[in-house]
Each structure stands twice: as C-alpha cells, then as structure tokens.
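Enquirer: This is the structure, below, for whatever I ask next.
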Amino acid sequence: MNQEVFPLSALVGLDDLVRALVLAAVEPAIGGVLLRGDKGSAKTTAARGLASLLPDAPFVEIPLGASEDRVVGSVDVGAILADGAHRFSPGLLAAADGGILYVDEVNLLADHLVDVLLDAAATGAHRVERDGFSHVQASRFVLVGSMNPEEGELRPQLLDRFGLSVRVRAPEDPAVRAEALRRRLAFDADPAAFASEWARAEAELAARLRDVRPAPLSPGLEEAVAALCVAAGAEGLRADLVICRAAAALAGWRGLPEASEDEVEAVAPLALGHRRRTPFGQSPEEAGDLGRVVSEALHPPAPPRPEEPAAGGRSGGTGDPRVERAAPGSGPGPGPTEGGSPGPGEETPRRHEPVEGEVPELRGLLDPASRGAGARAGRRRDRGARTEGRGRVVGVEPRGAASGPVSVPASLRATAVRTSGALPLRIEEEDLRSARREHRGEHVVILALDASGSMGADERVAAARAAVLTLVADAYQRRDRVALLTYRGEEATVVLRPTSSTEVALARLGEVHTGGRTPLAAGIDRARALAMDERRHGGHPVVVLVTDGRATWAPGGADPLEAALEAARACRVAGLDALVVDCESSVRPLGAARAVAGAMGARYAALGALGGAEGGSALAEVIGRTLR
C-alpha cells in the first residue's frame, strides 16, 4: 500500500461516505458517487483511500483544465509520422480502467467532459470517432466526483447520472472530531508508522472488497423499491435501478444470502437525495421528510379499524404518504401570509399581476440600444460552441469559410491521418481545422430590496425570499447566479453573495431583517458596486431594484430622493443593465420609482404591493424575462 495514502479504515465519523464508496466498488454498475461538502471534509482523502484497497487499481484524477483529447484519447500522430501506422493514443479514461477516476470540483468541469465520464462509467467502455479513426476502449472505473456546493451545482441531468450522493460534513460530536484530529496529526507526523498501525484493518477491508459479490434480491423487493421511488417523487427508473443494485451490494457486504427491505432502507437516502424536485435544497425538516417517506413506503402503518379514526385525526385519509406530502402549504417556501398579518388599514396580501402596458417594456431590456453610451453589448451571451473568440477549447471541427483561426495541431493531425504520415506533409484545405470553444458568460442577477420599516415591508421581504429561491432554482440549471442585498436604516447590506446554490440561498435568506428609514441611494450604490465587481470578473450583471420610490435618508443631510436619482444616473453612466420593479400601492402614487428608472436608464415594471409567495412568483416571472 502506498504509505502516503491515509487509510480508509482510519476515517472517523464519515460512515455514509465510506459506505457509498464501498458499495460503488462492489457494484460499479451503481454509476459512481458524488461527494458534496465543504473544503477540508476528507472527500479526496476517502477517494484515494478506496483506490489503495483495490488490487493494482490506478487512481486517475482529471484536472479542470483537461482537454477533450487528454480525457478520451486521440490519434497517435507520432506513430503516423514515424512509420505510417494508425494507432490510438489512450487518454485518462483508458488509464482509469480498473481503478478510481476522481474529479475534484466536478461542478466546475466542462459539461461535455462530464457527459463523457458518466457515459463511460455507465457502459464500461468509450468509443472515439474522429479524424477518420474509430476506436473502442475499455473504461471500467468507479467514478467519484467531489464538489463544494457553495461554488454552484451540477446540471440536473448530469446530477441524476451519479448513482449515489453523500453530503459530507465534519463530525459535530467533539469527541469524534477530536479523534479524527488525532489520527490526521499522527499520519502527518509519520505516515509510514501510521500506515503500519492500520495495515491489518486495511488488509481485511481489501480482502472483503476482493471477495464480496452482490447478493440476489429477496422475492418482491422490486415492487417495494418501485413503491418507494413513486412515493419519493423520483422520475424515471434510474433511482429504482440504483437502489436495487446498492441494496444487493450492501447485502453482499454484510454477508447476507439476499437483500431485504433493511438494505433498501439503508441505501435509499443515498440514491434519492439528489433526485428530488429541488436537489439538496432541503431544510433539515425536508431531509427528515425523505427519511419518513422511505420508512413509511417500506413499512406502511396498518390501516385503522373501520370504527376508529385514522392516526392524527385524519379520518377517511388514504394513508398514502404521497398524499400527505402533497398537502397545500407543506412545502418549504414562505406561505401567502408569511411576515405577519395585515395591520389596520392595510390590504390583505393578494396576487399582484403586472400593470397593463408595463411588462411589455421588458422586451429588449438587454439590447444595446436600451443603455447609455458607455454600455457594453448586453444580449444574453452565447453558451454554445463557437469557433472564434475566447473560451475553453471543447473540440475541433472542419474549418468553414466563416470559421475562426486555424488550429495548427488539429490541422497537422488531420493531414497526417490523410497521408499516413508521408513526408513532407502537405496541408490541403480539407485538412484545416478550427478550435470549437465554449464561452460561459454567466448572468448575475443582483436584487436590491427595500427592507425599511415602510408599510408592507415584511410581506415584501417574504415575496423577495420566494423570488430569490425561484431564481436560484432556475439559475441552478443555467449556471447563472443570484445575489440579494437589502437597504434599511443608513446602509445597504449584502445578504446573499452571488450564488447558484439552493443550499446557500436557503441558509442566508433567513437573515433578512426589516425596519428603519429608507436609504434608497445607498441601496443603488451598493448594487452598482457589486455589479461592477462581477463585470470585472467576466460576469454579466443585471441590477433589479425593488422599491416604491420613497427615500427618507441620505448621508450629509442631502435630499434623499435627489441622492437616489444621482446614484441611479451613475448606474446609467456605467452602462449596467437594470430593471426597476415598482411596489408602490398608494391610491395616489407618487411615481418616484418611475423617475428612478428613467435616471438609471432601466426598464420599469409596476407590480404594486408584493405579498408572500404569490408576489414572489410575480416578481420572479418579471425578472426572468430579463434573462431570456
């Protein structure tokens, strides 16, 4: 065993992590393991530890900047030039055959490479068709991906391809945490001595991994798994297959003759946690809900006797956990009246439709003509492949008349293949290739919210929470990001830094407070500063100002509204795309929000008073139009 590898058997407080890795090694058809956790939570350590237990197993790591040729392999140009032989030069997929293929920060890896990895992990082989060369290479490996959820999520269709997922957290028990610390310090001080101390445990673990085979499923277990997946709301059959395979592997690991519902109950959370409607976006209550769904689906309560009411007083209920989970108001989002009941003289929160004639102004928001002279092109940036400009090289293609610069290596390779290495090489027009690039200029929605003590503040904040969660869920699929800042009292505060993580958004949105005066200028200035910072880092910021137009404080005793208009004009000079959402609900509106929108060079939409989840849906819909 490589003495530099921390023993897997020495890990402390990471039972789910070790279980998932072991099951994937016993049954590679499970489809790999996704490890989600903060930095320093032993994700890479565990993956390396598993590789050290597999006989002659390579541990291959794919760096984020790897090219497609490096990953899948390519034609061996050297062999063609040397003797005219057409040979294939294997890539990292071939090198990982029989071992562990590890991708750190898999959520940041180019999507087309993730597709290749997951397809190979599922089939055990990879076919390469390029430059007139066809090659099929064996590529059976345990795919392990790790990621920090605060840096963004995987696309849902890619996320679903991972068989199991584990939320990796450092132990919370001080005693367990201290023991983990002692072991790591001992390993760092003398790796050889520490490895020797754990050699017997590692040898036993390696022997079990070598000898264990998945057990058969007990009769009728497929029906139980199918009912469980339906109750959990899993789409497709991949979850069913993964649970069955993982349960069979666990039964084999436990030395049982067949897999039963106990094994299914143990592995189901690992297979279902990332296949729900909002993956990983659960509050602790929702995480517990998944455990309840699993338990009730596998061990349904006995139906009540006819003369007795159902448990919990739900007489006449179906007893179906799916019905209970679908009850109105049971979801994680804020309810229609969150933030408190209406006070005297206030209107009851209602659904707020955009004012007729206002929403159509959103069309063309990102057109260059809609901004000031200093603006940059603001159309939604092309996420697809292109042959010119900047971006990550994702492949090559024949160079057309309108293609970009020639890719010299790819053109030489095409020439060598065509001529079988005959020297001197003569490059013909048909050999010319251009690099296909992927440029991801993400949108960053910066939502600036009035959280002062004006009427309806709590309802407005509740609506903003709902809107942000909706936008983050959408950004999670598009790789865009969302930020939230509030202005109240005498300052503006960034509540949620730009993120595409539903987990981070849920954690931060509970920290919004209301009250105090309305420093509208401070809110606009803070949004502009954040937007300019995102622009410098290559993002495409869109400022969304939610206000009723009232301003009651400005520094130095300045007129609050004039200060706000001056701040708005600074946004226009900077050429920022912006949208002003007017939430004024007065019978005689002042129209100040429209004036701010004019000074900012922003589009304007009037929604009236925002209330709860329904107001949040209307707000999210209006903002969403700016990104189309």
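Enquirer: By average Cβ neighbour count within 10 Å, what is the ranking of 520-528, 192-200 from highest down?
Expert: Result, highest mean Cβ count within 10 Å first: 520-528, 192-200.
Enquirer: For A570 and R140, FRET efficiency with R0 = 51 Å and r from the beta-carbon atoms, rounded to 0.05?
Expert: Step by step, r from the Cβ atoms, then E = 0.30.
Enquirer: May I ask you to order 165-177, 457-469, 219-231 by the average number of other C-beta atoms within 10 Å around their residues, highest value first?
Expert: 457-469, 219-231, 165-177
Enquirer: Report the calculated FRET efficiency for L64 and E223 (r = Cβ-Cβ distance, R0 = 35 Å), to the nearest 0.05.
Expert: 0.20
Enquirer: Report the gain in length on full extension from R87 to H112: 0.36 nm times residue separation, minus Cα-Cα distance, nm rounded to one decimal.
Expert: Additional length available on full extension: 6.5 nm.
Enquirer: How far apart, in nanometres, would the label points at A507 and E430 be if each is projected 7 angstrom from Cα along the Cα-to-Cβ direction?
Expert: 5.8
Enquirer: Another question, then. Can you give me the long-range amide H partners of R433? Hydrogens built in the peptide plane at 1.01 Å from N, cutoff under 5 Å, separation of 5 or more residues or another chain.
Expert: Here the answer is R399, S407, S411, since their amide H atoms fall under 5 Å of that of R433.
Enquirer: Here is a further query. Under 5 Å between amide hydrogens, which residues at least 5 positions from V168 or on another chain qualify, with H placed 1.01 Å from N in the peptide plane?
Expert: Result for V168 returns R36, G37.
Enquirer: Using label points projected 7 Å from each Cα along Cα→Cβ, tell me how many nm separate T123 and S295, to one decimal.
Expert: Between T123 and S295, the label points sit 4.3 nm apart.
Enquirer: Multiplying the sequence separation of A207 and D559 by 0.36 nm and subtracting their Cα-Cα distance, what value in nm do you get? Please list the in-between numbers first.
Expert: Details: separation 352, 0.36 × 352 = 126.72 nm, distance 7.75 nm.
Answer, rounded to one decimal: 119.0 nm.
Enquirer: Report the gain in length on full extension from A199 to D262: 0.36 nm times residue separation, minus Cα-Cα distance, nm rounded to one decimal.
Expert: Values: separation 63, 0.36 × 63 = 22.68 nm, distance 3.13 nm.
Length difference between fully extended and current span is 19.5 nm.
Enquirer: What FRET efficiency, computed as 1/(1 + (r/R0)^6) with R0 = 35 Å and r the Cβ-Cβ distance, is obtained for E179 and R497, rounded to the nearest 0.05?
Expert: E between E179 and R497, to the nearest 0.05, is 0.55.
Enquirer: How far apart, in nanometres, would the label points at D38 and S420 be if each is projected 7 angstrom from Cα along the Cα-to-Cβ direction?
Expert: Once both label points are built, they end up 6.3 nm from each other.
Read the figures in this text as sums done on the coordinates, not as results from a lab. Since the model is a prediction, treat every value here as computed from it, not as a measurement. Every residue, glycine as well, gets a Cβ built from its backbone with ideal geometry; the counts of neighbours run over all protein chains shown.
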